[in-house]
Amino acid sequence: MILELKNRYKRNVYYYDDRAGEFKNNLLELKPQKGKKLGYDQLPSPVVDNVFKDMFACEEGKTFACMLIASFLEVDLEKLCEGMVLYRNEIEKIWVDGNAVRLDFLGLYDGAFFSIEMNNSNDLERNADYAHRLYSIFAKEGMKKKEIKYSSVFQLNINNFTLRGIDEPINVSMTLDEKNRMRTSIIFVDVYLPHLMSKYEKEGLSKLNEEERMILGMFTPSEKEAIKITGGDENMMKFIERLKRFKCNPKKMEKYYVELDARRAGMDVGMELGREEGLERGREEGREAEKIETAKTMLKDGIAPEVIQKYTKLSVDKIMTLL
């Protein structure tokens, strides 16, 4: 597949590597709130890791990931959604030279890899490494089959920070020749949410292009603002409804607040989430052990396995092993 960028993005962009110029941003959902409950109009923002994965990195949310990708490419959204094969990267890992790589979103369409990363700190070099690893997979397959086999990689970085020297909300990093043709099969698109929010607040909605409105609508933690920015587009309304379902799920929101608090405190988010998941696993194991003890007692009293299954929710096979 040949990745063709929309005309407005066919330009050379210089990439700045200036970590000292990094500015953290708290414009979106990472702002402090009163208490731990979102207000009526507030939505859990996808800048938070577990929200992002729930919204994009699953079969039901694949359409929303395709909406982001199709914003920058000359590709039909409907065909992209139908043909995109989603890699469940929370479960599966891509192995290159023995190293495991976990991505926020990864899909394969028509021989090209599509990666989306949600960044709350400057991990752009690491993300670039991921993209090159993905590209190398095709090259290695070709070498094994003794044929030249290369393809394209499209990586979209949603950045909740800014870098010194980059003032535009969207930057494309690629190389073009004198005839405006791509000289690389890897495209990097960087979206800087703080600049996007600032452009909207200073210049107004009319100054945002189509993709800027859609992205800002997706990551704005206000239902009213999201509808205003996107004009109540059908797909965006589905996106908002999915966010509202997330908000109504106590277990998901518990993890959401854990990550939010960890980010505000400057803690290791992965470690804190891992601690919470470990506690939850312990609670689950305790409940399972309690059910097993109940099943054993009921078996001693001569109660049929089918009846025990009804009250303990253990499988009949599990109950039979207790005999």
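Scanning the range 274-289 for residues that are loosely packed, with under 11 Cβ neighbours inside 10 Å and of a type in the set (Gly, Ala, Ser), we see that the one that is modelled with the lowest pLDDT is GLY278. The residues of the range 290-309 that are in a helix (DSSP H, G or I) and surrounded by fewer than 10 Cβ atoms within 10 Å (Cβ to Cβ), listed by number, are LYS300, GLU306. If the condition is being among the aliphatic types (A, V, I, L, M), part of a loop (DSSP other than H, G, I, E, B) and closer than 20 Å to ALA262 by Cα, then the range 38-63 contributes LEU38, LEU43, VAL47, VAL48.
For the range 213-266, filtering for residues that are farther than 15 Å from THR63 by Cα and not in a helix (DSSP H, G or I) leaves 9. Residue count for the range 206-236, restricted to those that are surrounded by 14 or more Cβ atoms within 10 Å (Cβ to Cβ) and farther than 24 Å from ASN157 by Cβ: 3.
The values are calculated or read from the model by the stated rules, or taken from the named source; none is laboratory data. What you are looking at is a predicted structure, and each value in this text was computed from that prediction instead of being measured. As a convention, Cβ positions derive from the backbone with ideal geometry for all residues, glycine included, and neighbour counts pool all protein chains shown.
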